[in-house]
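Worksheet for the structure shown next.
The values are calculated or read from the model by the stated rules, or taken from the named source; none is laboratory data. Bear in mind that the values here come from a model prediction, so they are computed numbers and not experimental data. Here the Cβ positions follow ideal geometry from the backbone for every residue, glycine too, while neighbour counts run over all protein chains shown.
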Amino acid sequence: MGLLVALQFLTVLPIKRSFTVEQIGKATVYFPVVGIIIGFILLGLDRLFSLILPPGIVNVLLIAFLAVITGGLHLDGLADTLDGMAGHRTPGERLEIMRDSRIGGLGAVGIALVLLMQYVLLNNITPALRFPVLVLAPTLSRWAMVNAIFVYPYARPSGLGKAFKDGLIGLQYALATVITLMMAIILFKISGVVIMVGCWVIADLTSLYFKHKLGGLTGDTYGAINEFTMLAVMLIVNILAFKHWLIL
């Protein structure tokens, strides 16, 4: 049941069911599992597209799939969050701006830069590393949302994000962390620990910044943290590979 809830909220898969607040909260533990599922779909598409297309076009299609499979949920959260961070405003004013369905200049630029960085970083991933990167990036990024939900307060009195926050307990957070760590080690061996710790630091610093600006986190900031962590995985792997520090 929990996996179905997570799939319904994190993907566009046609799962039409009603869930209680308690079930929504318990589903958070399955966020990394949804990331693993998305990662293996990415891997399959990568193998399929590579049979008939050059690498650059394949990478564009993979990035497009990531946006489509989530219904643009996390990119929308990124745009709303960046719009709210702009200017000198109170936390309440920032939260009101983030409610606006219209995208602002900073949000549009942010989405463009994130997609561009994903493309560039994917282009620099060697063929031998594509399998582990394509699986680990969506897995770690979904775990980063679990971390943000569990560790940091929620900024609004109500909302879907608060349902996840209220229902998530320490045991579920620990289980999500173990699942993610095990996947990182399976894919990258000891380097997987380094990658996860690096992403953890980046996600925590991002979360602290949002908390400072908003007084807590929201569903939009969870989406932004997901996108930044995706980039962090690709960037860290690129750095480790470039410096010959990657141990597989």
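Numerical summary
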| read-out | value |
| --- | --- |
| Index of the failed condition, Met230 passing every other in (1) more than 19 Å from Val146 (Cβ to Cβ); (2) in contact with a Ser or Thr (Cβ under 7 Å, 6 or more places away or on another chain) | (1) |
| Yes/no for Leu208 being part of a helix (DSSP H, G or I) and under 29 Å from Thr90 (Cα atoms) | yes |
| Of the criteria (1) over 20 Å from Arg156 (Cα atoms); (2) touching a Lys or Arg at 6+ places or on another chain (Cβ under 8 Å); (3) modelled with pLDDT under 90; (4) of a type outside the set (Val, Ile, Thr), which one Pro14 fails | (2) |
| Selection from segment 63-90 of residues that are more than 13 Å from the chain's Cα centre (by Cα) and crowded, with 21+ Cβ neighbours inside 10 Å | Ala79, Asp80, Thr81, Leu82, Asp83, Gly84 |
| Search result, residues across segment 217-231 that are assigned to a helix (DSSP H, G or I), crowded, with 23+ Cβ neighbours inside 10 Å and of a type in the set (A, V, I, L, M) | Ala224, Ile225, Met230 |
| Extreme residue, nearest to Leu3 (Cα to Cα), among residues of segment 27-62 that are of a type in the set (Val, Ile, Thr) and exposed (fewer than 15 other Cβ atoms within 10 Å of the Cβ) | Ile57 |
| Scope segment 81-126; condition of a type in the set (S, T, N, Q) and either free of Cβ contacts under 8 Å to residues at least 60 places away in the same chain or in a helix (DSSP H, G or I) (or both); matching residues | Thr81, Thr90, Ser101, Gln118, Asn123 |
| Residue in segment 126-147 that is over 21 Å from Tyr209 (Cα atoms), β-branched (Val, Ile, Thr) and either modelled with pLDDT under 95 or surrounded by fewer than 15 Cβ atoms within 10 Å (Cβ to Cβ) (or both) present | yes |
| Count - residues of segment 1-12 that are touching a residue at least 40 places away in the same chain (Cβ under 8 Å) and not aromatic (Phe, Trp, Tyr) | 3 |
| Tally, over segment 47-62, of residues that are among the charged types (D, E, K, R) and within 18 Å of the chain's Cα centre (by Cα) | 0 |
| Count - residues of segment 182-197 that are under 24 Å from Phe210 (Cβ atoms) and surrounded by 14 or more Cβ atoms within 10 Å (Cβ to Cβ) | 2 |
| The one condition in (1) touching a residue at least 24 places away in the same chain (Cβ under 8 Å); (2) surrounded by 18 or more Cβ atoms within 10 Å (Cβ to Cβ) that Lys162 fails to fulfil | (1) |
| Which listed residue is of a type in the set (Phe, Trp, Tyr), at pLDDT 95 or above and buried (at least 18 other Cβ atoms within 10 Å of the Cβ), from Phe210, Phe150 | Phe210 |
